[in-house]
1. Can you tell me the alpha carbon radius of gyration of the stretch 2-366 divided by the globular rule-of-thumb value 2.2 N^0.38 Å?
2. Count charges around K323 for me, please; just the other residues with Cβ under 13 Å from its Cβ, Lys/Arg as +1, Asp/Glu as -1.
3. For T85, what charge total do you get from the other residues with a beta carbon under 13 Å from its beta carbon, if Lys and Arg give +1 and Asp and Glu give -1?
4. Got the relative contact order for the chain handy, in percent, Cα pairs under 8 Å and 6 or more residues apart?
5. So, in Å, what gap is there between the alpha-carbon centers of the stretch 281-359 and the stretch 35-103?
6. If you put +1 on each Lys and Arg Cβ and -1 on each Asp and Glu Cβ, how big is the dipole of the chain around its Cα centre, in Debye rounded to 20?
7. Defining a contact as two alpha carbons under 8 Å apart and six or more residues distant in sequence, what relative contact order in percent does the stretch 138-287 show?
8. Of the cross-linked pairs K145/K312; K312/K344; K105/K145; K34/K125; K220/K344; K119/K207, which ones have a Cα-Cα span greater than 20 Å in the structure shown?
Amino acid sequence: MASTTIRRFSQFLFSLYAAAAPDPPPYVAPPASKESLEYAELAIIDLSKAKTEAGRKALAAEVVSAMATHGFFYVIGHGYTQEQTTRVFSIANMTFDGVNAEEKKTYTGQSGAVYEGYKPRQIWKIEDGVQDQIEHYNINRIVRKREHPQALRPYLQEIEAFARHNHLSVLHPILRLLALGLELPENALVDQHKFEAAGESSIRFMKYFPRSEDEEKRSKQVWLKGHTDIGSVTILWSQPIGGLQILSPDGMWRWVRHMDNALVINAGDVLTFLCGGFYPATRHRVIQPPVDQVGLPRLGVFYFSMANDDVKLVPHEDSPVLKRVGIQRLCSDEDAPTMEEWRKNRTVAYGKKVCNEEIINGVLVKQYD
C-alpha cells in the first residue's frame, strides 16, 4: 500500500539526515514509575497491519471499539525505531536546554490565535493565583514557514522528515481506519487533512517543570486541567514520566501507562464535529507525577493534527453508520465554524481565565477538575 512506502521513505529520510547532522546532547529518560497506580487498559493498534484491505478492516473494528471505551489507544508498528525516537527526544530537550532566555524571546509566538514558537511558562491560569509551569515550542508541519533558533537549524531536515512521518505515515492511516469505521470511503477524512493545505497541524515539544509545594496544594496537584483537544487527532510519543490521566466512562480519572516506542492517540473536537459524535473528543488532564518521579521535569513530543483551514466542521451525513445510529451535532450545520475559525477562537480563549465552561462559536466548551 502507498502508506507503507511513504512510511519507509520517511524513515529513510530521517536516518539520512541524522547521519549528516551532529549528534544533539543526549536526553536520557528516567525510568518509568514503579508506583502502584490505577491505569486505563488501552487497546494496542499495530499500524503495520494496515498494509492490506483485510488488515485495515480488522484494525478499523479495533479502533471503533477503542474510541467507544476510552477514546485513547496505543499505536505500535508506526515505522520509527527506538533509536530514532530517542534522537527526536534529544532534539526536543535541546530546544529548551540549549537555547538561552534572550534567544527564546526572539522566537516566542506573537499571535494569540495560533501556537507558534515558544510559549513561556506562567501564561495559562490553572486556578486562582496559580499559573502553569509549562514551556513549549510549536513547529508548523511546513517547518521552514518560520525561522527557528540557532541550535535547531542543523536538525531542520530531520524535523521536516518527522513532521511528514507523523502526518502521512501515522495520521493518514489512522484517519483511514476512522473513515472505515463509519463505512465511508477510506480517504473521506484524509482529504480534509492534506499535508500541503493551509492549516496549523504541528509538532510540539513541551516541557513541564516542577512546581512549589504551595502551588501543588492550591491546584490540587493539577498541572493542566481536564480538557479536550482543539484539533482532530493528537499523537503523543510515549515517555516515562507519569502525569497524563484520562476520564473514563465511569467518571474515574485513570493513568496512562508508558509503553516504549509507542504512540498514544486520542480524538479531539474536530473529529466530534466531522464524525457526528461517533468519535467523541476525549477528556484528559496532566497532574503531578507519581511519588517516585516528583521533582523531575516532564518532556513531551506531540503532533497535533488539524483539518485544512477551509474545512467547514459539519458531519459526514452520508455515513451509513451515522444514518443508523444518528448524528450528535455540537451546533447546527449553518452555524458550524471552519477549522480556521474554531482553531483561532479556541486558542485565543485557552487559559486566559479560570472557568469550567465557556461558549465558543456557539459550542459549550468545558474544563474538568
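Every number in this text was worked out from the coordinates using simple rules, so none of it is lab data. Just so it is clear, the model here is predicted, and its values are computed rather than measured. Here Cβ is always computed from backbone atoms with ideal geometry, including for glycine, and neighbour counts include all displayed protein chains.
1. 0.95
2. Details: positive: R324; negative: E183, E317, D318.
Surrounding charge for K323 is -2.
3. Values: positive: R87; negative: E83, E158, D260.
Combined, the nearby Lys, Arg, Asp and Glu give -2.
4. On the way: 737 pairs, mean separation 79.1, N = 369.
Dividing the mean separation by the residue count of the chain yields 21 percent.
5. Taking the Cα centre of each part, the stretch 281-359 and the stretch 35-103 sit 18 Å apart.
6. Values: 43 positive and 45 negative charges, 70 e Å.
Result for the chain is approximately 340 debye, rounded to the nearest 20.
7. Numbers: 189 pairs, mean separation 32.3, N = 150.
Here the relative contact order equals 22 percent.
8. Numbers: K145/K312 24 Å; K312/K344 14 Å; K105/K145 18 Å; K34/K125 31 Å; K220/K344 30 Å; K119/K207 10 Å.
Pairs exceeding the cut-off: K145/K312; K34/K125; K220/K344.
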